């Protein structure tokens, strides 16, 4: 059950002064008896989602690794970029010194 439906069921029950119950199995629902549903989590992890960099559709379970390590259109970490900029400046300085000496 998604968080929105869960909150909605609890709010409806509170307005009616009743115990919230699942609309399918009629089990009592409360914030105190929440449990993870591993089957649903596994199913959701296999649903497709788009990479924020290249738009490729991938299973959610591999999306994070793709976006951080594999996607060729991902943004380069700013520290790596600064490293290469500084390395380039040093190379230019070395060339300038060799030319002028």
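Can you confirm whether residue 28 is over 30 Å from residue 62 (Cα atoms), surrounded by 10 or more Cβ atoms within 10 Å (Cβ to Cβ) and modelled with pLDDT of 75 or more?
Against the criterion (over 30 Å from residue 62 (Cα atoms), surrounded by 10 or more Cβ atoms within 10 Å (Cβ to Cβ) and modelled with pLDDT of 75 or more), residue 28 qualifies.
List pairs: first in segment 26-53 and more than 19 Å from residue 11 (Cα to Cα), second surrounded by fewer than 11 Cβ atoms within 10 Å (Cβ to Cβ) and modelled with pLDDT of 85 or more, Cβ under 6 Å, 6+ apart or cross-chain?
What qualifies is 48/57; 50/57.
The values are calculated or read from the model by the stated rules, or taken from the named source; none is laboratory data. Predicted, not measured: the structure shown is a model, and the values here were computed from it. A quick note on method: Cβ atoms are made from the backbone with ideal geometry, for glycine too, and the neighbour counts reach across all protein chains shown.
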